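S.K.: Below: one structure in structure tokens.
Please treat every number below as a calculation from the coordinates, not as lab data. In this text the structure is predicted, and so the values were computed from the model without any measurement. Reconstructed Cβ throughout: ideal geometry from the backbone, glycine too, with neighbour counts over all protein chains shown.
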Ligand SMILES: Cc1cc2nc3c(=O)[nH]c(=O)nc-3n(C[C@H](O)[C@H](O)[C@H](O)COP(=O)(O)OP(=O)(O)OC[C@H]3O[C@@H](n4cnc5c(N)ncnc54)[C@H](O)[C@@H]3O)c2cc1C
């Protein structure tokens, strides 16, 4: 028997990270996830960048994490300008002390799942519907639908952890008026698999145009647009391309949009116009590119509700644009901080003190990081910031202007405080 039972809603990166951390604090954990099964590995999702703090934290949960070949170094953060007329590239800003690692979402998710301790039960195919946290009683009761059978089940615990992503229904219950904010652009994304094709013209061209692939996070900026490129383990190149435009209509809760053949064809033609021939070719040859509509939200006033029985983590707590590579990194630190706070306050009858400390540690950090990522995205997309009439124009940018593009400008870049280290 653990010290309490935590019901975690959502079994993606934030949910599974919390399961590790909360079980590490001596609790039993039940995860409710609507997906039918864990990610199979490399097939689901695309690339993500992990900072040193996340790598260290993940290594506590996943045996061998960081010591094997599952991640590649991102030692360099490099921003370059592409002249769309001549296709010439010039360096804007280069940071050789970046110290991130590139991972594949599917690999990270699979490894987090495989390493879960026995105190964690994951109920796949369980769609969370609602919860009760009666005023006059301790504990929470979560109700879920078993998607395979249609039956409804109740799961009782002492704490409800909302890890149900950027469109969180649990957050909506406490903050019904909080709306996601469309950033003004969407991202085309793709993973190019070059296994067995290292000596193809495409890859020879890519290695020539991007000589630091394998250890570098490339940002290519053109007029009012930018692209991101880096290599992943097991012969894959991950790319993203942000395009300004009106907000598309989305159906359902997902921020990923189905791309029609006509949309893909138009995007590939446009890539020829904007980018150097090597990147345009890579984009043309990538199978099944997809579109993410980019949203974030203004920082939340609180992360814990219901007298310290409900807590928000991950994208549910801080939907963010991806420009500071924060989403997964914030999720990992949320989990770690939550686990430390629960361990520290484990003599309390309810987790309220622990959640207050978690909130005090995380709220200022995630608020600053979300707002910085928003600003960085707008700068790179040439959209006005700070009330200025004109946005950043990469064609005229000086080396000094370009310093603001570096990833190291992110608040708490060197690591965020957690409950243990006196940062509260
Ligand atoms: C399939 C998938 C692939 C991804 N690929 C990438 C990637 O390649 N690169 C990247 O940077 N980020 C990716 N992400 C997003 C990334 O995981 C998050 O941005 C970040 O790590 C924070 O994760 P999160 O767990 O808070 O949110 P999310 O990853 O969005 O997870 C929320 C989880 O909650 C579950 N959920 C929501 N509502 C309910 C409900 N009512 N009942 C039960 N379960 C529910 C969802 O099914 C999902 O698993 C991906 C997310 C998913 C789900």
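S.K.: When only Cα pairs under 8 Å and 6 or more residues apart are kept, what is the percent relative contact order across the stretch 76-221?
M.R.: On the way: 131 pairs, mean separation 35.8, N = 146.
The normalised contact order for the stretch 76-221 reaches 24 percent.
S.K.: Report the relative contact order of the chain, percent, no decimals, based on alpha-carbon pairs under 8 angstrom and at least 6 residues apart.
M.R.: Across the chain, relative contact order equals 21 percent.
S.K.: Ok, one more. If each residue's Cβ is checked for other Cβ atoms within 10 Å, how do 203, 263 rank with the fewest at the top?
M.R.: 263, 203
S.K.: Could I ask something else about it? May I have the convex hull volume per residue, in Å³, for the Cα set of the stretch 228-297?
M.R.: On the way: hull volume 9.3 nm³, N = 70.
In the stretch 228-297, the Cα convex hull volume per residue is 132 Å³.
S.K.: Restricting to DSSP H runs of at least four residues, report the calculated mean residue ellipticity at 222 nm for the chain, -39500 (n - 2.57) per run over all residues, nearest 500 deg cm²/dmol.
M.R.: Roughly -9000 deg cm²/dmol at 222 nm, from the helical runs in the chain.
S.K.: Expressed as an acute angle from 0 to 90° and rounded to the nearest 10, what is the orientation of the C-alpha long axis of helix 327-344 relative to the principal long axis of the chain?
M.R.: Taking the Cα atoms of the chain, the angle to 327-344 is about 30 degrees.
S.K.: Say we join alpha carbon atoms closer than 10 Å with springs in a Gaussian network model of the chain; which of 83, 393, 177 then has the biggest fluctuation?
M.R.: Checking each option, the largest mean-square fluctuation is seen for 177.
S.K.: Using the 10 angstrom Cβ neighbour count as an exposure proxy, how do 141, 30 rank, fewest first?
M.R.: Ascending number of Cβ neighbours within 10 Å: 141, 30.
S.K.: Expressed as a whole number of Å, what is the distance separating the alpha-carbon centroids of the stretch 231-298 and the stretch 150-220?
M.R.: Measuring centre to centre over Cα atoms gives 12 Å.
S.K.: Turning to a different aspect of this structure: How much length is gained if the chain between residue 94 and residue 234 is pulled fully straight, taking 0.36 nm per residue apart and subtracting their Cα-Cα distance, in nm to one decimal?
M.R.: Difference between extended and current length: 47.8 nm.
S.K.: So, one more: Using Cα pairs under 8 angstrom and six or more residues apart, how large is the relative contact order of the stretch 163-318, in percent?
M.R.: Answer for the stretch 163-318 is 37 percent.
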